[in-house]
Amino acid sequence: ERLKVVIEDSLKLTSERLSREIGSPGARFISIDGGHTRELVLHDLEAACPLLLPGGILALDDAFNHATPGVIEAIAEYFVTRSPRLAPFALCYNKMFVTTPDYHARYLRHAADFLDEADWLPTSARTRTSRAQNAAFGFVPSMFGHEVVAFV
């Protein structure tokens, strides 16, 4: 009953309208899975990000989908030009997960713990191997200045 799905033309949505739709001035979890052009994704980010509560999670769909390059173009532009108070903590297939900077370390730790416990996940061994190889070379995967767990 707490889940609210808003299906709408992205260009018609504003932060104020989304706030009214969800019945709250903010949200703890927002998934952006709409248009795939630079313009639409930028608009979605501008409408949704102001609503993210401290410690909330924003899931960005198709962030690494090679068939939808406008998505990562918009995400990169948003982070570089708007300097949002957002911190990526996990990259998982086509999704990028971000939170507010004060919760980054907590979610990064939870993502790493999940990886260590998820033997049932088909890609967990491959991801653990990749993380061990990165550590051996002193490489720490990061995006926009924040360490991330990259599920591969």
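The values are calculated or read from the model by the stated rules, or taken from the named source; none is laboratory data. All values reported here derive from a predicted model rather than from experimental measurement. Note that each Cβ is placed from the backbone with ideal geometry, even for glycine, and that neighbours are counted across all protein chains shown. The accessibility values were calculated without ligands, DNA or RNA, using every heavy atom of the protein model including side chains. Shrake-Rupley method; radii C 1.70, N 1.55, O 1.52, S 1.80 Å.
One table, with the values for the structure above:
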quantity	calculated
Contact order relative to length of region 100-149, as percent, for alpha carbon pairs under 8 angstrom and 6 or more apart	32 percent
Amide H contacts of MET143 (H built 1.01 Å from N, under 5 Å, at least 5 apart or other chain)	VAL148
Simple spin-label estimate for ASN65 and ALA132 in nanometres, 7 Å along Cα-Cβ	3.4 nm
Residue among LEU121, LEU51, LEU60 with the largest mean-square fluctuation in a Gaussian network model of the chain, springs linking Cα atoms under 10 Å	LEU121
Computed over region 53-152, the ratio Rg/Rh where both radii use C-alpha atoms and Rh is Kirkwood	0.97
Under 5 Å, built H, 5+ apart or other chain: amide partners of ALA90	PHE97, VAL149
Top of PHE29, PHE89, PHE139 by mean-square fluctuation, Gaussian network on the chain, Cα under 10 Å	PHE139
Most mobile of GLU46, GLU21, GLU117 in a GNM of the chain (Cα contacts under 10 Å)	GLU117
Sequence-distant residues sharing a close amide H with VAL152 (under 5 Å, placed H)	THR127
Separation of alpha-carbon centers, region 85-152 and region 1-34, rounded to whole Å	27 Å
Average Cα contact separation per residue, the chain, under 8 Å, 6 or more apart, as relative contact order %	19 percent
Per-pair calculated FRET efficiency, R0 = 30 Å: SER19 and VAL152 via Cβ, rounded to 0.05	0.25
Those trypsin sites (Lys or Arg not before Pro) in region 32-109 that DSSP places in a loop and that have at most 14 other beta carbons within 10 Å	ARG85
Surface per residue (accessible, 1.4 Å probe) for the chain, Å²	58 Å²
Segment ASP119-LEU3, length gained on full extension (0.36 nm per residue, minus Cα span)	38.8 nm
Size of electric dipole in the chain: Cβ of Lys, Arg +1 and of Asp, Glu -1, about Cα centre, debye, nearest 20	300 debye
